[in-house]
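The values are calculated or read from the model by the stated rules, or taken from the named source; none is laboratory data. Remember, it's a predicted structure, so these values are computed and weren't measured experimentally. All Cβ positions, glycine included, derive from the backbone under ideal geometry; neighbour counts span all protein chains shown. Areas reflect the complete protein model, heavy atoms only, side chains present, ligands, DNA and RNA absent. Shrake-Rupley method; radii C 1.70, N 1.55, O 1.52, S 1.80 Å.
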2 protein chains.
Amino acid sequence: MSLSHLLDMPGVNTPEAATRGYVFNHTMIRVKDLARSLDFYTRMLGFTPVHRQDFPDAAFTIVYLVLVADRAIIPEDDAARLQWVLGQPGVLELTHNHGTEHDESFRYHHGNAEPRGFGHLCVSVPDVEEACARFEAMGVTFQKRLTDGRMKHIAFIRDPDDYWIEILQPASIIA
Amino acid sequence: MSLSHLLDMPGVNTPEAATRGYVFNHTMIRVKDLARSLDFYTRMLGFTPVHRQDFPDAAFTIVYLVLVADRAIIPEDDAARLQWVLGQPGVLELTHNHGTEHDESFRYHHGNAEPRGFGHLCVSVPDVEEACARFEAMGVTFQKRLTDGRMKHIAFIRDPDDYWIEILQPASIIA
């Protein structure tokens, strides 16, 4: 659909001047086991944690992670780094409620079974075949392999809480 | 917490070279009424729809939206625009299952009541007081006003499906 048709869809408005400088900064998901999720997001997908805040009274911790090509762009100074990350798009916030990792029956809801709502995160990659072969070799759980179903150009993997993560390669969608 | 302490947290790995070029591209949420959600995200928050795909057999539609300071950076050509958006961080994908908008009792699950999982999206703004006053004037539903609770520097508004959207100003967190 052309851009002008997209902008003519029912409901679509021209952005007001007041929204200038707004940034879609982050998406927050709750995780059962923080160390396990940090391992998954840093090792499998290349994220870097850039901020952590503990709330001992309310017994939870939050960690912000970014996916950057070069860690050198991350400010060293703590206050500067926090201000930087809150102005970036594409930040992932993990919330860990303390103790859930010790409760064997505890599980979060991934949103793709009833009651549905949130669907997935998506990481785009330079080479989707190569990325999926690497995930396979590293033992990542697949929700949908490239070869499953009709859409052969996208895959879905699952994080440690079974949240779905779409994997796609921008160019392959077009081809 | 210093960056070196963050990188020493249990579970954290140094990104592998294989993850170079990975981008945290988008977050997908299901919406009951596409036109109503498009109105909310474009009018209240300044998003622009850049891609729409209809799946008539499976009776659903997806729309990708971006929050950019200047629409001139969005490619005009359809294929170029799709390739561009799939390489951007901070994209919002709305999925609309056709017909839900006509079912008065239909509701999606926002994730902050049981069963919990996904928590919220966050839009950072240059001036959180000004942004919240504008939302108030436009009749946006608040989950938490700046004046509610202990955290006076953040607010939460609700989108038409009651998904929570955190509103914050990077500088005010530091001060």
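I'd like to know if segment A:95-108 contains one or more residues that are modelled with pLDDT of 95 or more, more than 29 Å from residue B:2 (Cβ to Cβ), surrounded by 19 or more Cβ atoms within 10 Å (Cβ to Cβ) and facing another protein chain (nearest Cβ under 9 Å). Yes, because at least one residue in segment A:95-108 is modelled with pLDDT of 95 or more, more than 29 Å from residue B:2 (Cβ to Cβ), surrounded by 19 or more Cβ atoms within 10 Å (Cβ to Cβ) and facing another protein chain (nearest Cβ under 9 Å). Does segment B:122-171 hold any residues that are surrounded by fewer than 17 Cβ atoms within 10 Å (Cβ to Cβ) and among the polar types (S, T, N, Q), and which are they? Of everything in segment B:122-171, those that are surrounded by fewer than 17 Cβ atoms within 10 Å (Cβ to Cβ) and among the polar types (S, T, N, Q) turn out to be B:141, B:147. If you go through segment B:120-161 and keep only what is among the aromatic types (Phe, Trp, Tyr) and away from chain A (no Cβ under 13 Å), you end up with just B:142. Going by what's in this entry, would residue A:136 be described as modelled with pLDDT of 95 or more and under 21 Å from residue B:65 (Cβ atoms)? In short, no. Residue under question is residue B:70, and the condition is that it be open to solvent by 50 Å² or more (accessible area, probe 1.4 Å), in contact (Cβ under 8 Å) with a residue 12 or more places away in the chain and farther than 19 Å from residue B:32 by Cα; does it hold? Spelling it out, it is not the case that residue B:70 is open to solvent by 50 Å² or more (accessible area, probe 1.4 Å), in contact (Cβ under 8 Å) with a residue 12 or more places away in the chain and farther than 19 Å from residue B:32 by Cα. Being on the phi > 0 side of the Ramachandran plot, touching a residue at least 24 places away in the same chain (Cβ under 8 Å) and of a type outside the set (A, V, I, L, M, F, W, C) is a property that residue A:46 lacks. Within this structure, residue A:134 passes the test of being under 15 Å from residue A:41 (Cα atoms) and free of Cβ contacts under 8 Å to residues at least 12 places away in the same chain. Is at least one residue of segment A:62-71 under 13 Å from residue B:6 (Cα atoms) and more than 9 Å from chain B (Cβ to nearest Cβ)? Yes, some residue in segment A:62-71 is under 13 Å from residue B:6 (Cα atoms) and more than 9 Å from chain B (Cβ to nearest Cβ).
Does residue B:14 qualify as being β-branched (Val, Ile, Thr) and at the interface with another protein chain (Cβ under 7 Å from one of its Cβ atoms)? Spelling it out, it is not the case that residue B:14 is β-branched (Val, Ile, Thr) and at the interface with another protein chain (Cβ under 7 Å from one of its Cβ atoms). Close Cβ contacts (under 6 Å, 6 or more residues apart or on different chains) running from residues in segment A:87-99 that are closer than 17 Å to residue B:11 by Cα to residues that are in a loop (DSSP other than H, G, I, E, B) comprise A:94/A:31; A:96/A:31; A:98/A:59.
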